[in-house]
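Below is one structure, written out as structure tokens; comments come after it.
The values are calculated or read from the model by the stated rules, or taken from the named source; none is laboratory data. This is a predicted model, so every value here is computed, not measured. Because the Cβ atoms are built from the backbone with ideal geometry, glycine has one as well, and the counts that use them run over all protein chains shown. All accessible areas refer to the heavy atoms of the entire protein, side chains included, with ligands and DNA or RNA removed. Shrake-Rupley method; radii C 1.70, N 1.55, O 1.52, S 1.80 Å.
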Amino acid sequence: MELKLLTSDIELEQILELQNKNHYKNISPESGKKDGFVTVKYDFDLLQKMNNSAKQVIAVDKGKVIGYALVLLKEFKNSVPLLTPMFETFEKTKYKDALLIDFKYYVMGQICISEEYRRKGIFKSLYDKHKKVYANKFDVCVTEVSSSNKRSMRAHQKVGFKTLATFKDMTDEWNIIYWDWK
């Protein structure tokens, strides 16, 4: 297995396949509770734009993307309507002695590991690669995790994320979590 930055449209298509397979609408509630799920559906064009702005981190085995961790920069605030409330919440959320938006941050836009590769340390490895690539450019990595996605919350806490705030929107209750790199 190799951790790398996304370089091809084929890898981009494979991210979309993995995303679709693990989207909460395409899995059973039991599977979602046990293994987690992804909430947002990105499309090819948006992922390509995101990758052009900041390279996406992927895990590849035998030429196939088996995991990914997406960088979502502030400039994409209005590109994903489902995530707009999250960005708006960031504008009002205190972090240290200032507002979160006053810091250099990016959002972990989504992280997903193929089912047969889970529980092998790839989740942490993807985040370690993020830190290696982006810690010199950003103060903090921020994301939100559904309160109902217990597996994802535990996995993020193991990496070093801490809960900053919790809010509700029209879809769910969300935990804003952060990983401080400074």
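With the contact rule set at Cα under 8 Å and sequence spacing of 6 or more, what percent relative contact order holds for segment 71-111? Walk me through the numbers before you get to the answer.
Details: 31 pairs, mean separation 21.1, N = 41.
Relative contact order for segment 71-111 comes out at 52 percent.
Solvent-accessible surface of segment 72-182, averaged per residue with a 1.4 angstrom probe and all protein chains in place: 51 square angstrom.
Between the DSSP loop rule and a limit of at most 14 other Cβ atoms within 10 Å, which trypsin sites (Lys or Arg not before Pro) in segment 124-162 are left? Don't jump to the answer; show the numbers that get you there.
On the way: sites: Lys124, Lys129, Lys131, Lys132, Lys137, Lys150, Arg151, Arg154, Lys158, Lys162; in loops: Lys137.
Here the trypsin sites (Lys or Arg not before Pro) that fit, given the DSSP loop and packing criteria, are Lys137.
Relative contact order, whole percent, for segment 34-119 stands at 31, derived from Cα pairs under 8 Å and 6 or more residues apart. Short-range pairs are left out: with C-alpha atoms under 8 Å and at least six residues apart, the relative contact order of the chain is 20 percent.
Round to a whole number: what % of the accessible area of segment 39-182 belongs to carbon and sulfur, probe 1.4 Å? Let's see the in-between values first.
Numbers: 3350 of 6910 Å².
The value for segment 39-182 is 49 percent carbon and sulfur by accessible area.
Each 5 Å bin, from zero up to the one with the longest distance, holds this percent of the alpha carbon pairs of segment 24-182: 2, 8, 19, 23, 23, 17, 7, 2, 0, 0. Remark: for residue pairs Lys21/Lys124; Lys55/Lys96; Lys4/Lys129; Lys104/Lys182; Lys41/Lys120; Lys21/Lys168, the C-alpha separation exceeds 18 Å in Lys21/Lys124; Lys55/Lys96; Lys41/Lys120; Lys21/Lys168. Counting only heavy atoms of the protein chains and using a 1.4 Å probe, Glu116 has close to 110 Å² of accessible surface.
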